[in-house]
Amino acid sequence: PGEILTARHGYMLLMAHELAPLGAMAKGNMAYDAATATRAATSLAALAKIDTSMLWVPGTEEGVLADSAALPEIVNNADARNAGFAKLATAADAMTAAAGTGAEAIKTAMTEVGAACGGCHKQYRKSE
């Protein structure tokens, strides 16, 4: 289970890595760059479509592993998890379409990406 949790954390860190420049551009903290935005959005969309079922197995939830913040509900409810990742994939595809068109388009698309991420994190991740 520890190796699975490490892989899940790595997967989430990869998504965060791709979201960082998009978020910075959306907030005006980084100059808009079409190539960087397109690369990040394309990578995010690919990550959102990976089959992550092997990362969510019993024994990797909060309360079982010390470093896990995943509540048991997300580990045990594949339908909810799959629905959340489907929303993320749709939002990431929209981000890919927006990425090359400007910072305002990224800002608009980021709203949906944030809602998709937050939809799972708020419901299924232990509060800090």
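The values are calculated or read from the model by the stated rules, or taken from the named source; none is laboratory data. Predicted model only: the values in this text are computed from it and were never measured. Please note: Cβ atoms are built from the backbone with ideal geometry, for glycine as well, and neighbour counts cover all protein chains shown. Remember, those area values only see protein heavy atoms, side chains included, never the ligands or the DNA or RNA. Shrake-Rupley method; radii C 1.70, N 1.55, O 1.52, S 1.80 Å.
Along the Cα-to-C-beta direction of Arg125, a point sits 7 Å from the Cα; which residues of region 37-61 have their amide N less than 12 Å from that point? Once the point is set 7 Å along Cα→Cβ of Arg125, nothing inside region 37-61 turns out to lie under 12 Å by backbone N. Summarising the label geometry, the points placed 7 Å from Cα in the beta-carbon direction at Ala97 and Ala78 lie 3.0 nm from one another. Excluding ligands, DNA and RNA, the accessible surface per residue across the chain is 55 Å² with a 1.4 Å probe. The trypsin sites (Lys or Arg not before Pro) of region 92-128 meeting both criteria, a DSSP state outside H, G, I, E and B (loop) and at most 13 other C-beta atoms within 10 angstrom of the site's C-beta, are Lys126. Per q in 0.26 Å⁻¹, report the Debye log10 I(q)/I(0) for region 1-73, using one uniform scatterer on each alpha carbon and no solvent. Log-scaled intensity ratios, in q order: -1.07. Once both labels are positioned 7 Å from their Cα atoms along Cα-to-Cβ, the gap between Arg39 and Thr52 label points is 2.4 nm. Counting only DSSP H runs of at least 4 residues, each contributing -39500 (n - 2.57), and dividing by the residue count of the chain, the helix-based mean residue ellipticity at 222 nm comes to -24000 deg cm²/dmol.
Sorting 57-64, 10-17, 93-100 by average packing, meaning the other beta carbons within 10 Å per residue, from highest down gives 93-100, 57-64, 10-17. Each Lys or Arg adds one and each Asp or Glu subtracts one; over the other residues with Cβ under 14 Å from the Cβ of Ser68, this totals -3. Of the solvent-accessible surface of the chain, computed with a 1.4 Å probe and all protein chains present, 59% belongs to carbon and sulfur. When each full DSSP H helix of the chain is screened for a Cα extent of at least 15 Å along its own axis and an average Kyte-Doolittle hydropathy of at least 0.0, the helices passing are 2-27, 34-48, 78-99. Each part gets one Cα centre, and for region 78-92 versus region 50-69 those centres are 17 Å apart. Remark on region 79-128: hydrodynamic radius 11.4 angstrom, per the Kirkwood mean of 1/r across alpha carbon pairs. The relative contact order of the chain, computed from alpha carbon pairs under 8 Å that lie at least 6 residues apart in sequence, is 30 percent. Contact order, relative form, for region 46-101: 33 percent (alpha carbon pairs under 8 Å, 6 or more residues apart, mean separation divided by residue count). Computed over the alpha-carbon pairs of the chain, the distance histogram in 5 Å steps reads 2, 12, 20, 22, 17, 12, 9, 5, 1 percent, short to long.
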